[in-house]
Amino acid sequence: MDQLIQQFFNIDIMMRAWPTIMRGLGVTLLICCAVIPLGLAGGLIAALASTARSRWLRWPAVALVDLFRAIPPLVLLIFVYAGLPFTGIQLSPFVAVTVAFLLNNSAYYGEVFRAGLISIGKGQAEAARSTGLTQRQTLVHVILPQAIRNVLPDLISNTVEVVKLTSLASVVSLGELLHAADLARSVTYNASPLTLAAGVYLVLIWPVVRLLSRYQRRISV
């Protein structure tokens, strides 16, 4: 038991690794600030395209969403970072992570938004148009607010997954939270920095998960 505590819960090593962990946390939050808004925007565009009347717009959107949902995000990240240079496109680790996660998360957000859009009956749009609203106004002021409310728990859950997904950025040596913890581990020859990083993830994610659970219980009553 003492060896377990010494190897994984060494407070002294955690204190020494704290500045490194905090720098990694800053990078993780920066990735989230870039990927989550872009993913939401890309997902909404994908959802609107996949529910469009024109099959020439709908079929390619559905195919792309299925493709990027099927590809493991790690494989997609490696392809973007290590594969694109062979085509003459050289991306920095941060840009590669942003692009790969944008493609992956836009597909998942797109399916969530699509479920919300098709949950709204056609009568809602017809009633809005009968009052004189244009098609765009109907979408923005009538359909989207209701659709987002219907799938809000799924959107939040997917956003939590995005935060956890940022740990894959360590594969391309981007100094996010896990990479910083692993760097501290390699210097100290002790796994306590990894335990500290796991604790930071827990502090970040657990309150959101708890609030999401309470919200889901409220709307199910």
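General remarks:
- Residue 170 falls short on exactly one of the conditions (1) small (Gly, Ala, Ser); (2) touching an Asp or Glu at 6+ places or on another chain (Cβ under 9 Å); (3) under 30 Å from residue 151 (Cα atoms), and that condition is (3).
Residues checked against (1) under 14 Å from residue 162 (Cα atoms); (2) part of a helix (DSSP H, G or I); (3) over 12 Å from the mean Cα position of the chain (by Cα):
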site	(1), (2), (3)
25	no, yes, yes
28	yes, yes, no
37	yes, yes, no
44	no, yes, yes
48	no, yes, yes
53	no, no, yes
56	no, yes, yes
59	no, yes, yes
63	no, yes, yes
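- Residue match in the range 31-49 (condition: open to solvent by 70 Å² or more (accessible area, probe 1.4 Å) and touching a Gly at 6+ places or on another chain (Cβ under 9 Å)): yes
- Residue match in the range 135-156 (condition: in a loop (DSSP other than H, G, I, E, B), open to solvent by less than 70 Å² (accessible area, probe 1.4 Å) and not aromatic (Phe, Trp, Tyr)): no
- The numbered conditions (1) modelled with pLDDT of 90 or more; (2) over 27 Å from residue 29 (Cα atoms) are all true for residue 139 except (1).
- Every listed requirement among (1) at pLDDT 85 or above; (2) open to solvent by 40 Å² or more (accessible area, probe 1.4 Å) is met by residue 193 save one, (2).
- Residues of the range 196-218 that turn out to be among the hydrophobic types (A, V, I, L, M, F, W, C) and open to solvent by 40 Å² or more (accessible area, probe 1.4 Å), as a count: 8
- The residue list 184, 128, 115 contains one member that is more than 24 Å from residue 29 (Cα to Cα) and either open to solvent by less than 30 Å² (accessible area, probe 1.4 Å) or touching a Leu at 6+ places or on another chain (Cβ under 8 Å) (or both), which is 128.
- Per-region count, the range 171-181, residues part of a helix (DSSP H, G or I) and either touching a Gly at 6+ places or on another chain (Cβ under 9 Å) or open to solvent by less than 30 Å² (accessible area, probe 1.4 Å) (or both): 6
- Residue 104 meets the conditions (1) within 21 Å of residue 49 (Cβ to Cβ); (2) exposed (fewer than 13 other Cβ atoms within 10 Å of the Cβ); (3) not aliphatic (A, V, I, L, M) in every case but one. The failed one is (2).
- Residue tally, condition touching a helix residue (DSSP H, G or I) at 6+ places or on another chain (Cβ under 6 Å), among the aliphatic types (A, V, I, L, M) and under 22 Å from residue 170 (Cα atoms), over the range 56-90: 4
- When residues of the range 158-176 are limited to those that are among the hydroxyl-bearing types (Ser, Thr, Tyr) and within 9 Å of the chain's Cα centre (by Cα), the one nearest to residue 109 (Cα to Cα): 159
- Residue match in the range 42-65 (condition: under 30 Å from residue 191 (Cβ atoms) and in contact (Cβ under 8 Å) with a residue 40 or more places away in the chain): no
The values are calculated or read from the model by the stated rules, or taken from the named source; none is laboratory data. For clarity, every value in this text was computed on a predicted model and none was experimentally measured. Cβ coordinates were reconstructed from backbone atoms using ideal geometry, including for glycine residues, and neighbour counts include every protein chain displayed. Accessible surface areas use protein heavy atoms only, side chains included; no ligands, DNA or RNA. Shrake-Rupley method; radii C 1.70, N 1.55, O 1.52, S 1.80 Å.
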